[in-house]
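Okay, handing you the structure first.
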Amino acid sequence: MTLKDLLARLDVREGVWDRPDGWLAGPVTETQRRANSLYRLGSKALRRNEVEGAARWLAEATRDEHPGAVFRLAAAASRMESPNSDWAVRMLVGWAAVLKHRDAVQLVPLLSNRDAVLSVGAWDDPEFTPEILQALRHPRILPALDFRSRTARRSGAPKPPLVGRFRRRVRGAGRSRPV
């Protein structure tokens, strides 16, 4: 890297957070070092598709408002099978935009209109932004849970697709039974 390249990076990148390419600028506090380490651990786990581990590391880094961790946590949320994953991706992208993550700022129009046209040159995080973009444009809305009364379910009304998969503990019985 030449001095000219380094000076160009200083003009473009603000802040002290770890970037996808691992470059830091400015003075770094111990809290930021810790958040950057958690961000890197979470990113490595996400690359290996260890979603739960990645989510734990990245969520810990978000406590210190690490913009990249918030953004990559959206990528982890997009891989989770949960009725709330689409909502989580949208909320995390919005939060990352508030923290000034450049890719999140560029994706903000998709939060209100999934067909919005984006004017993007190059992504700051080309590894995970396309995945988040896909999740925002094509949400996987899972079937809603059925909260009808037991009487309505016993009466012969058809069961929704997810009811049989969830179990709850019966107090005192020591065994599970379908809801």
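The values are calculated or read from the model by the stated rules, or taken from the named source; none is laboratory data. For clarity, every value in this text was computed on a predicted model and none was experimentally measured. Here Cβ is always computed from backbone atoms with ideal geometry, including for glycine, and neighbour counts include all displayed protein chains. Remember, those area values only see protein heavy atoms, side chains included, never the ligands or the DNA or RNA. Shrake-Rupley method; radii C 1.70, N 1.55, O 1.52, S 1.80 Å.
Leu3 passes all but one of (1) open to solvent by 60 Å² or more (accessible area, probe 1.4 Å); (2) modelled with pLDDT of 95 or more; which number fails?
(2)
If you check Ala74, Ala97, Ala61, which single one turns out to be farther than 19 Å from Arg137 by Cβ and not polar (S, T, N, Q)?
None of the other options fit; the residue is Ala61.
Here's another thing I want to ask about it. Taking the condition of being of a type in the set (Phe, Trp, Tyr) and free of Cβ contacts under 8 Å to residues at least 40 places away in the same chain, how many residues in segment 92-137 meet it?
Of the residues in segment 92-137, 2 are of a type in the set (Phe, Trp, Tyr) and free of Cβ contacts under 8 Å to residues at least 40 places away in the same chain.
Anything in segment 82-95 that is open to solvent by less than 30 Å² (accessible area, probe 1.4 Å) and among the polar types (S, T, N, Q)? List them, or say none.
Correct list: Ser85 only.
Shifting gears a bit: Is it fair to say Gln32 is modelled with pLDDT under 90 and over 14 Å from the mean Cα position of the chain (by Cα)?
yes
Out of Val93, Val70, I need the residue that is closer than 14 Å to Glu131 by Cβ and either touching a Cys at 6+ places or on another chain (Cβ under 6 Å) or not basic (Lys, Arg) (or both). Which one?
Exactly one of Val93, Val70 is closer than 14 Å to Glu131 by Cβ and either touching a Cys at 6+ places or on another chain (Cβ under 6 Å) or not basic (Lys, Arg) (or both), namely Val93.
Would you be able to tell me the number of residues in segment 54-81 that are surrounded by fewer than 24 Cβ atoms within 10 Å (Cβ to Cβ) and in contact (Cβ under 8 Å) with a residue 60 or more places away in the chain?
Total satisfying the criteria: 1.
Determine, yes or no, whether Arg79 is of a type in the set (Lys, Arg) and modelled with pLDDT under 95.
For Arg79, the condition - of a type in the set (Lys, Arg) and modelled with pLDDT under 95 - is met.
Spot the failing condition for Asn49; the list is (1) at positive phi; (2) crowded, with 16+ Cβ neighbours inside 10 Å; (3) not hydrophobic (A, V, I, L, M, F, W, C), and only one is missed.
Only one criterion is unmet by Asn49, namely (2).
Taking Leu133 as the residue in question, decide whether it is modelled with pLDDT of 90 or more and either part of a helix (DSSP H, G or I) or not hydroxyl-bearing (Ser, Thr, Tyr) (or both).
Here the answer is yes, as Leu133 does meet what is asked.
In addition: When segment 104-124 is examined, which residues are found to be assigned to a helix (DSSP H, G or I), open to solvent by 50 Å² or more (accessible area, probe 1.4 Å) and at pLDDT 90 or above?
First pass over segment 104-124, keeping only residues assigned to a helix (DSSP H, G or I): 104-107, 109-112.
Applying the additional criterion that residues be open to solvent by 50 Å² or more (accessible area, probe 1.4 Å) yields 105-106, 109, 112.
Across segment 104-124, the qualifying residues are Val105, Gln106, Pro109.
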